[in-house]
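Before any comments, here is the structure.
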Amino acid sequence: MIRVLIVGTGTMANDHADAFVAMDGVDVVGSVDPNPKNLHAFNAKYGITHAFDSVEHAIAWGQFDAVSVVTPDSVHHRATMPFLAAGKHVLCEKPLATAASDASEMAMAARTAGVVNMVNLTYRNVPALMQAAAIVAEGQIGAVRHFEASYLQSWLNQASWGDWRTEDQWLWRLSTAHGSMGVLGDVGVHILDYATFAAGADAARVSCRLKTFDKAEGGRIGAYTLDANDSMAMHLALENGAVGVIHASRFAGGHINDLRLRLFGTEGGLEVGFEQWRSSLRACLGDNLITGTWVDVETPEIATNYTRFITAIRDGHLVSPDFARGADLQRVLDLAMVSDTQNACDQVI
């Protein structure tokens, strides 16, 4: 039996709990949250028997094997480090941290501890993305030359997920003082991983422009100063020589939560979609290049991050995307911020 502790009991913690309680041989044995109302409501919902108001109290109890860290982004580092020191396996929500130095420290600590460590980059659960990455790795599109990627949301335009003007779960994402890196850290990390993973190479250079739009009188709602970026436009050069552009926005009307990626190589192209919660993959290869004919590609089902995390613990092997990958992505995000702040055209990773 793998015993799991969940740290943080907000909205996303429900996804973690739902996944783990559905698995055979996994028991969610405890949760951690300094907010007693949220903590006890979460435990009651999932029948969890142990509740802790701090990481330290949970570690002192110690009757668990693995941890899911589902706190706000700015808390990931200080919540995770004690568990690594205690030799616990850790699945951490993205981004791994809010600064590259913290993310690198977490990756080093995980490597030293020798535990299974994983960043929950949820779009690694998309079959089309995983199949596209395999096709690129097999050389079917030749050398990758160019890519275009976007992650489009519209929750600042409409209330399909709730009213961001009144709900803390959305307002904190708009405030740097509450630990948000804006759209760059929230969904930019996803599309950055999505594009570079499929292209088969890490970023080598980055330039970025960020935009924060006026959303409330005086730029503030209650305790929240709405200063985090709402839109991102990034240019990347990859280590394999490919170049590409990435865009992310929360003001993309008509797109509730859609990701797109187009990859072009010397011998063909791929289009990867995750739109309206559906995964799709199209390819233009071989003789179809002459006519520009695109065909649908089958995408077999894959194991989720949650399943792969538990399987890795059972089998005693490491799994990706790991903390080292999270640290690599965070370095790109940090330099994207530098590029925008300093109005600099290019930053070397």
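Every number in this text was worked out from the coordinates using simple rules, so none of it is lab data. What you see is a predicted model; the values in this text were computed from it and never measured. Counting neighbours? That spans all protein chains shown, and the Cβs are built from the backbone with ideal geometry, glycine included.
Summary of values
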| read-out | value |
| --- | --- |
| Relative contact order (%) - criterion: Cα under 8 Å, at least six apart; region: segment 2-122 | 23 |
| Highest average packing first - 187-197, 204-214, Cβ atoms within 10 Å | 187-197, 204-214 |
| Sequence-distant residues sharing a close amide H with GLN347 (under 5 Å, placed H) | VAL206, SER207 |
| ³J(HN,Hα) computed for each position of segment 106-119 - Karplus, 6.51 cos²θ - 1.76 cosθ + 1.60, integer Hz, glycine/proline x | 5, 5, 5, 5, 5, 5, 5, 6, x, 9, 5, 9, 8, 9 |
| Whole-Å semi-axes of segment 205-332's equivalent ellipsoid (Cα gyration tensor) | 32, 25, 18 |
| Debye log10 I(q)/I(0) at q = 0.16 Å⁻¹ for segment 46-205, Cα point scatterers | -1.10 |
| Segment 319-346-segment 102-137 distance, computed between alpha-carbon centres (Å) | 15 |
| From phi via Karplus (6.51, -1.76, 1.60), per-residue ³J(HN,Hα) for segment 54-63 in Hz, x at Gly/Pro | 8, 4, 4, 5, 5, 5, 4, 6, x, 8 |
| Pair THR311, ASP24: separation of 7 Å Cα→Cβ label points (nm) | 1.5 |
| Partner aspartates and glutamates for LYS215 [C-alpha distance under 15 Å; skip if fewer than 8 residues away on the same chain] | ASP163, GLU167, ASP227, ASP230 |
| Label-to-label distance, nm, for residues given as LYS37 and ASP346 (7 Å Cα→Cβ offset) | 5.3 |
| 10 Å-binned pair-distance histogram of segment 145-216 (Cα, whole percent) | 15, 45, 27, 13, 1 |
| Percent of alpha-carbon pairs separated by more than 23 Å within segment 2-122 | 22 |
| Computed over the chain: relative contact order in percent, which uses C-alpha pairs under 8 Å that are six or more apart | 19 |
| Reachable aspartates and glutamates, given that their alpha-carbon falls under 18 Å from the alpha-carbon of LYS45 and they are not under 8 places away in the same chain | ASP15, ASP18, ASP27, ASP33, ASP53 |
| Inter-part distance where segment 1-69 and segment 211-254 are each reduced to a Cα centre, Å | 32 |
| Neighbour-count order for ASP340, ASP168, fewest beta carbons within 10 angstrom listed first | ASP168, ASP340 |
| For segment 312-321, Karplus couplings with θ = phi - 60° (6.51, -1.76, 1.60), whole Hz, Gly/Pro x | 5, 4, 5, 8, x, 10, 7, 8, 10, x |
| Other-chain or far-sequence residues with amide H under 5 Å of ASP230's (modelled H) | VAL183, LYS211, THR212, PHE213 |
| Mean projection area, nm², convex hull over Cα of the chain | 17.9 |
| Packing-based ranking, highest mean first, of 8-20, 291-303, 150-162 given that Cβ atoms within 10 Å are counted | 8-20, 150-162, 291-303 |
| Ranked THR166, THR311, criterion: other C-beta atoms within 10 Å, fewest first | THR166, THR311 |
| Total formal charge among the other residues, if their Cβ is under 12 angstrom from that of ASP65, Lys/Arg +1 and Asp/Glu -1 | +2 |
